[in-house]
1. When you check A257 against the structure, is it among the small types (G, A, S), part of a loop (DSSP other than H, G, I, E, B) and surrounded by fewer than 18 Cβ atoms within 10 Å (Cβ to Cβ), yes or no?
2. Quick test for you: out of A384, A378, pick the one residue that is free of Cβ contacts under 8 Å to residues at least 40 places away in the same chain and touching a Pro at 6+ places or on another chain (Cβ under 9 Å).
3. Considering only the stretch 556-581, how many residues are touching a Lys or Arg at 6+ places or on another chain (Cβ under 9 Å) and of a type outside the set (S, T, N, Q)?
4. Please find, among W596, W591, the residue that is of a type in the set (F, W, Y) and buried (at least 22 other Cβ atoms within 10 Å of the Cβ).
5. So, in the stretch 126-161, how many residues would count as being basic (K, R), without any contact (Cβ under 8 Å) to a residue 24 or more places away in the chain and more than 15 Å from A193 (Cα to Cα)?
6. Filter the stretch 438-453 for residues that are of a type in the set (D, E, K, R) and either in contact (Cβ under 8 Å) with a residue 60 or more places away in the chain or out of contact with any His (no Cβ under 8 Å at 6 or more places or on another chain) (or both) and give the result.
7. Which residues, taken from the stretch 192-224, are assigned to a helix (DSSP H, G or I) and polar (S, T, N, Q)?
Amino acid sequence: MPMNNCSVPYAFAPEVSASRLSAPRWWPAAALQARCVLLASLLALLAACAGAPPPVVTEPGEQLTAEQAFAQGNYAEAARAWQRQALSSSGAEAAALRIRAADAWLLAGQVDLAEDNLRWVNKAELQGPERAALNLVLAELALLAERPEEAGILLREAAPDVPANLYGRYEQLLARTERMLALPGSRDFSAAARLSELATTYDPEQALSLIQSLDSIPSSDLAMRAASPQSDSQFAGWLELALVIRNNLVQPEGLAAAVGAWKARYPAHLVEEQQALDLWLRYRQLYAPPRKVAVLLPTSGRLQAAADALRDGIMSAYMDNPAGAELVFIPTGEEAESAPSAYFEARELGAEWIIGPLQKQSIEALLNLAGLVTPMLALNELPAEYAAPPGLAGQIYGLSLSQDEEVRAIARAAIRDGHRNAIVLAPESEWGERMAQGFSDEFLREDRQILASSRYLESENDHSPELERLLMIDESKARRRSLENALQLPLEFEPVRRDDVDMIFLAASATQGRLLRPQLRFHDAGDIPVYAPSRIFTGIPDRSRDQDLNGVRFPSTPLQLSMSSSRDLPELSSLRGGAFLALFALGQDAWNLLPWLDLMKRDPDFVFPGASGQYRTAPQGELQREPAFAMFSGGRPAPYRRQQVTTNSPP
């Protein structure tokens, strides 16, 4: 048999399982050479024998070679054998064995182990076909990690040296790469990569175009691609610079430090620190509010007080950053029907965006208009399951201090703090039921549990019966009575509360909270962390009365936490001494959010740090608020510093 057919470095291994990776694999050259010699011997034997040779059977206890294990589909065993061989080899031989091991781990579905093997391979030591083989494995890893532009670079590098027996696999990987590159996000990465290749010196317009080409890429994807060990250093630097710019768009106070740290990681990048700061400014100027914005708010009726605080918040933010825009206020009445007429007035004035209305019924009346063509930031929740008309898709938002969303944020905060076993105490009212249900729905996941739930009457001051049932103190007292009856003796006995609870969710107003918190301490539950809705704080600092609330954790706003006393409040009557400060903060965010809504829609990872909380877009496109958290300390709300807890429950 001519042996020149066996001189290629690798040959395909047959497909073993359709459920595994479909790309063909190769055999090591030495193993294939041995197989060719064996085949020649068998052919000679066949010439002398009429019957077929019996199959080779591995004796029990005999260890398979890497090649035998691979042929039988034992990819993990083959990978481990090649890894062992690599440990006793060096240079290009060890690298080739590592590549084979990585390929076998890929077939075994162990991507992490495949990557670990390749970290030991020095690409510079490989030449020609072996280098091409490595690039094909790296390209497949890049595709599995959804990095098609990286796979394309590796395949272009491999193309001149791909041996004939691997060409089918090369074409297969190339087709997969082209399909993935056809996706919008991948096209953006590819466009940026081409601009990076063309850039040899810093050009402001070219740099701005490169950063803009990444607009549609989520921040998490930028970070992942930049951190990839196979990424080109110059391109990775551009990706990380785009991320630094994006993360400091709204609040630039940390920009200089972030750019300095970036330059320290990429000292050879063609962009210098001052140029990066200039690039941030150029990019930042692309984001501006609409040229004319109309605000629809009631000027009379039961919502006027809230509207006044919102109005002053909007005006405060506008005065700080008008950005050349025009702001007009159009009054609405208490009737829902007044909203459409106010909207058409705004259109006649040339408004490009609407902020408001405030009342839910007015929002619904506006959203049901057949002639609605203007983007809108409503100052309340949108109707459930609302879908914007095609021309306004992604341009209708709701902004609110929703208590239903807030109570879910409380549950998430408790989960982050490590709590697993909760008891719930809520008033016997519609609001209390909503709060208790919202907390339970969010908290009851994995193996967390609500150990007990009780309702109290807001008209009463003594809630001892409810608390004793929740804390199982009544059962402790019952055991005492049973024992005294059995012994016919009075006993010295201290009732003991349950010890399996690690948090309490308390739905209460400030008035009820000031009653319930001391009663929890009286019943030996003062050490159990208590979480409550924002209603637990009136908004008006009252150190003497709120001493009883010390230790209670609750959602707040960053603006409220920056003003620890009434002396810190703006001198505005609409704030009502601080009671409406959260609405004032919401008004500030209504104006300040406008320039960033498109970016937030494109990048669900982008977080807007507002005065009323941190905002991001939820999967359905609506704005989701994550409040700041406070804890009463010394009778005043202070920023809550989270600490992981250890529960009493078994793992």
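The values are calculated or read from the model by the stated rules, or taken from the named source; none is laboratory data. Nothing here was measured: the structure is a model prediction, and the numbers come from that model. Because the Cβ atoms are built from the backbone with ideal geometry, glycine has one as well, and the counts that use them run over all protein chains shown. SASA here: full protein model, heavy atoms, side chains in, ligands and nucleic acids out. Shrake-Rupley method; radii C 1.70, N 1.55, O 1.52, S 1.80 Å.
1. no
2. Criteria check complete, one pass: A378.
3. Residues flagged as touching a Lys or Arg at 6+ places or on another chain (Cβ under 9 Å) and of a type outside the set (S, T, N, Q) within the stretch 556-581 amount to 0.
4. Exactly one of W596, W591 is of a type in the set (F, W, Y) and buried (at least 22 other Cβ atoms within 10 Å of the Cβ), namely W591.
5. Here the count works out to 0.
6. Result: D441, E442, R445, E446, D447.
7. Selection gives S196, Q206, S209, Q212, S213, S219, S220.
The rows are residues; the columns are (1) assigned to a loop (DSSP other than H, G, I, E, B); (2) at pLDDT below 95; (3) of a type in the set (D, E).
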residue	(1), (2), (3)
A585	no, no, no
N592	no, no, no
P595	no, no, no
M600	no, yes, no
P604	yes, yes, no
Y615	no, no, no
Q620	yes, yes, no
